[in-house]
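These notes concern the structure reproduced below.
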């Protein structure tokens, strides 16, 4: 049965604490699936000097006219605009909403998940019933309440209802991050994403992910602030700073974010057919002034890093772009969601294409298309050598960050020796 849903899309503009109506979104659904959508910009929004584009393509401001004159449809035959999809709950957020409403998994319509996603969603978009509707309060939980959130996380994973006194504490948080349990917390005026251990983890994921991100920082890659908090029951929770929030007087300003999936105008099922080079190519269309070269080099370094640590969860929603108001363009977001994957196979592949040999995770394959990242061979070699040199000493770095030898042993097979995967050929 087909149903229709119309909502007002709001946007938080640079540095402002109150969102303004940007336009109307109309969605057609069959059961739980979105089958079509349209969007029309509001005329007042387009007249604002500080209006922001809602995505990198279909919902840009260039050439935009009010929705009364033109209804825009998603690009590339998509049913839903990528920027809207990015602002909806991820798999974990959906489990939390379903728990709150006491309904089976995946039983709600997309519009239902949109309505119940709370005020802490990723980026600068919001969805409200009318242009006059007030913002839903996005409860910010102090880091001191982490033990309660961890208890709620365990209950959701076991399929148990969250007690009423924890429901508001655990109301849905940001949208990116996939299936792993998480929530938003605040500490010393900074918003963090708290990433919890999952039931059945084979190793201490929060500690290992945090240590891996800190190694990436040592490789001179851009990484948000991170930390690990030890809970009273001995388990650990990782904190990673939200790059889409900035504290200002009176609250937190929001930065607009879209995923690389949106930037490439693809459906999630098409993500494995994409490549790092394709992301790099797309930057030429929308990158902020002065950011193309630096962001392409950064992306190349992240690809090399993922090869060396066997992070094959590098799908297009784990790469993102942030709108930079002062530059009127998009910049590559900081690195997030990087987790080594222990495995036995000697021949490994990333989720995204690496080079001329497809997704094959080797350093010489990474070098094969380095020119598409705007890199000269010497510059690309410098990045490969730098990242290889740092990751080669991963165990020492882990130990210095308090990761035990036992935990290191559990993930040791994820970390690859550069010379075993084409370092000499890459640098020749």
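Just so you know, all these numbers are worked out from the coordinates, no wet-lab data involved. Fair warning: this is a prediction, and the values are worked out from it, not measured in the lab. Neighbour counts are summed over all protein chains in view; Cβ atoms, including those assigned to glycine, are modelled from backbone coordinates with ideal geometry.
Give the calculated FRET efficiency between residue 273 and residue 103 to the nearest 0.05, with a Förster radius of 35 Å applied to their Cβ-Cβ distance.
E between residue 273 and residue 103, to the nearest 0.05, is 0.55.
Using the 10 angstrom Cβ neighbour count as an exposure proxy, how do 113, 192, 148 rank, fewest first?
Values: 113 20, 192 25, 148 16.
Taking fewest neighbouring Cβ atoms as first place, the list is 148, 113, 192.
For the stretch 2-127, what's the relative contact order in percent, using C-alpha pairs closer than 8 Å and at least 6 residues apart? Display every interim value, and only then the final one.
Working: 205 pairs, mean separation 32.1, N = 126.
RCO, the stretch 2-127: 25 percent.
Mean residue ellipticity at 222 nm from the helices of the chain, using -39,500 (n - 2.57) per DSSP H segment of n ≥ 4 over the full residue count, to the nearest 500 deg cm²/dmol? If you can, show how the numbers build up before the last one.
Working: 15 runs with 130 residues, N = 428.
Taken over the chain, the calculation gives -8500 deg cm²/dmol.
What number, in percent, do you get for the relative contact order of the chain if the mean sequence gap of Cα pairs under 8 Å and at least 6 apart is divided by its residue count?
Numbers: 844 pairs, mean separation 58.5, N = 428.
Result for the chain is 14 percent.
Estimate the FRET efficiency between residue 214 and residue 68 by the formula 1/(1 + (r/R0)^6), using the beta-carbon distance for r and 45 Å for R0, to the nearest 0.05.
Values: r = 51 Å, r/R0 = 1.14.
Computed FRET efficiency for residue 214 and residue 68 comes out at 0.30.
Of 147, 153, 428, how do they rank once you tally other Cβ atoms within 10 Å and put the fewest first?
Values: 147 14, 153 28, 428 9.
By the 10 Å Cβ count, ascending: 428, 147, 153.
Provide the gained length on full extension for the span residue 161 to residue 179, in nm with one decimal, where the gain is 0.36 nm per separating residue minus the Cα-Cα distance. Don't jump to the answer; show the numbers that get you there.
Numbers: separation 18, 0.36 × 18 = 6.48 nm, distance 1.81 nm.
Net length gain for the segment: 4.7 nm.
If each residue's Cβ is checked for other Cβ atoms within 10 Å, how do 255, 381 rank with the fewest at the top? Numbers along the way, then the final one.
Values: 255 23, 381 17.
Least crowded to most crowded, the residues run 381, 255.
Which whole-number percent is the relative contact order of the stretch 177-333 (Cα, under 8 Å, 6+ apart)? Display every interim value, and only then the final one.
Numbers: 207 pairs, mean separation 29.6, N = 157.
Once normalised by length, the contact order is 19 percent.
Quick check: the distance between the Cα centres of the stretch 263-288 and the stretch 308-351, to the nearest angstrom?
After rounding, the separation between the Cα centres reads 12 Å.
Could you tell me the center-to-center distance, by alpha carbons, between the stretch 371-428 and the stretch 58-115 in angstrom?
38 Å
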